[in-house]
1. Can you list residues from other chains, or at least 5 along the same chain, whose modelled amide H is less than 5 Å from the amide H of TYR369?
2. Report the FRET efficiency, 1/(1 + (r/R0)^6), for ASN453 and HIS262, where r is their Cβ-Cβ distance and R0 is 41 Å, rounded to 0.05.
3. Return the FRET efficiency for the residue pair ASP500, GLU162: r is the Cβ-Cβ distance, R0 is 30 Å, and the value is rounded to the nearest 0.05.
4. According to a simple spin-label model (label point 7 Å from Cα along Cα-to-Cβ), what is the distance in nm between GLU102 and LYS61?
5. Dipole of the range 238-381 (Lys/Arg Cβ +1, Asp/Glu Cβ -1, origin at the Cα centre): which of ILE267, ALA303, SER280 lies farthest to the positive side?
6. How large is the dipole of the range 392-482 about the Cα centre if only Lys and Arg carry +1 and Asp and Glu carry -1, each at its Cβ, rounded to the nearest 20 debye?
7. Based on the Cβ-Cβ distance of VAL492 and GLU69, what FRET efficiency does E = 1/(1 + (r/R0)^6) give at R0 = 22 Å, to the nearest 0.05?
8. Farthest toward the dipole's positive end in the chain, which of PRO405, GLY252, PRO143, given Cβ charges of +1 (Lys, Arg) and -1 (Asp, Glu) about the Cα centre?
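The values are calculated or read from the model by the stated rules, or taken from the named source; none is laboratory data. Just so it is clear, the model here is predicted, and its values are computed rather than measured. Ideal geometry is used to build each Cβ from the backbone, glycine not excepted, and the neighbour counts take in all protein chains shown. Accessible surface areas use protein heavy atoms only, side chains included; no ligands, DNA or RNA. Shrake-Rupley method; radii C 1.70, N 1.55, O 1.52, S 1.80 Å.
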Amino acid sequence: MRSLSLRSPFQNCSEEVNSCLNKAIIYGYTYKKNPTSLSFPSPSYSKMDKEETKQRKFDVKEGGLLMKELRTSFNSGKTKSYEWRKSQIQSIATMVEEKENEIIEALYKDLSKPKTEAFVSEISMTKSSCKLALKHLKSWMMPVKAKTPWTTYPSSAEIVSEPLGVVLIISTWNYPFLLSLDPVIGAIAAGNAVVLKPSEIAPATSSLLAKLILEYLDKSTIRVVEGAVAETSALLEHKWDKIFYTGGARVGRIIMDAAAKHLTPVILELGGKCPALVDSNINLQVAARRIIAGKWVCNNGQACIAVDYIITTKQFAPMLIDALRNGVEEFFGKDPMESKDISRIVNLFHFNRLASLLDEDKVSGKIVYGGQRDENQLKIGPTILLDVPEDSLMMKEEIFGPLLPILTVERIEEGFDVIKSKSKPLAAYVFTDDEKMKKDFVQNVSAGGMLVNDTVLQLTVSSLPFGGVGDSGMGAYHGKFSFDAFSHKKGVLYRSFDGDANARYPPYTPQKQTLLKALIGGNVFGIILALIGWSRDDSDDHISV
């Protein structure tokens, strides 16, 4: 069996530096001039107790024991009851309510996420997911009636939603609380046993989730495994009934490769370069505010559905840039680097990654606003660039940060070709009052989801599926879609011992063949004729006894 390896981004570094930098990724340390010197962002990370580190070891053997325990619990049937599902979701809601301050504190430690943003984007949305699931759980669990054909008469049919079994959820660091618990709520609602692997890049939230889930939820069926590459690899060696992963495409391919060994289905929530096509016939002030909300207010651009780049006309670009500049200063002040309402970059690796995008020769001269950076604070200010070359790294990779390139075209319709030339994004946005353009955009641009004249709000609508297409992912969740994502739709046909037709059994006489053809074709007149002993001779088109 081929061993799975999650490749370090610092694979080419010396062993000593590589070790330190990998710790920087995992624990969010701040990198100084000396690459082996690390300072801590919070006193809570000033010590790593050796015994605690030892206890965190998790290998393939431990994974097998965990899987066996959860499989035994699932096979007992306890997770299938409405009462168990309801109690666990209620416990999550209670946990979020009672531990709100701790959650906000953890998010601040990991991302310097402002309190209001943490509440709106993580806490309130988790509460909403719990509330929706509790309200509709009984109806979601009920079998759905299905129609039956003539050939099975008399019969009835239904579609039964059954839990898949033991599922693995691997979450991400940018919304580490919401994107951990939202799929967990769906998996519990569907009646599964769950293992959650939080992101090691958000260590404070990961540690808090491990503590709270152990305290509030049923540990015989719901568990948290903390760790990094080794722990994730150990988990992926086992056969799960479904794997749910949120993150980047590179690791998504590794997850899918590992799942393929066991024929395990996957849901991959990835990302991509989410475009915003901006027409000139719009309310510019409102549009600019909404673009800012979908870029810098969204975790400082560190969001999979954040606006990655804008397309507009050459003529309209200066006005749009002015409106964006004014909006940024209104929201974050003249010096956004001093604002307490904007998140920092998650760690040094991502800070340097974003800095390298800005420093590329063909890009560095394209900045029209912003560009400030502070390595010690891991901060990069809102930055707007104009006409960045298509062959630059910035336009080839998902930015996932506060950099916003604006591409210009002669006619706004040319923007469609720019979008189609790239991989299908997780989200696509259009700002226009032209009804034809709205219709054309929806019909001709492929994306995981869309929003007309705003950004990111599609994420909050539980009646819409949230998921990618192509390189931006596969599968969808949110609301009932989360329940469905972790359920198997089992088709069930019911028949009595009445109405047993001789026509289905040999020997197949001409009369039986006529009746079978009529039944399969749904020909009511032909069925009646066959039952009373008449047959149609197709060769000379006459009816005879």
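1. ILE384
2. Details: r = 44 Å, r/R0 = 1.08.
Here the calculated transfer efficiency is 0.40.
3. Values: r = 29 Å, r/R0 = 0.98.
With a Förster radius of 30 Å, E is 0.55.
4. Label at LYS61, label at GLU102, 3.2 nm between them.
5. Positive-most Cα among the choices belongs to ILE267.
6. Details: 9 positive and 12 negative charges, 69 e Å.
So the magnitude is around 340 debye.
7. Numbers: r = 31 Å, r/R0 = 1.39.
After rounding, the FRET efficiency stands at 0.10.
8. About the Cα centre, the residue reaching furthest to the positive side is PRO143.
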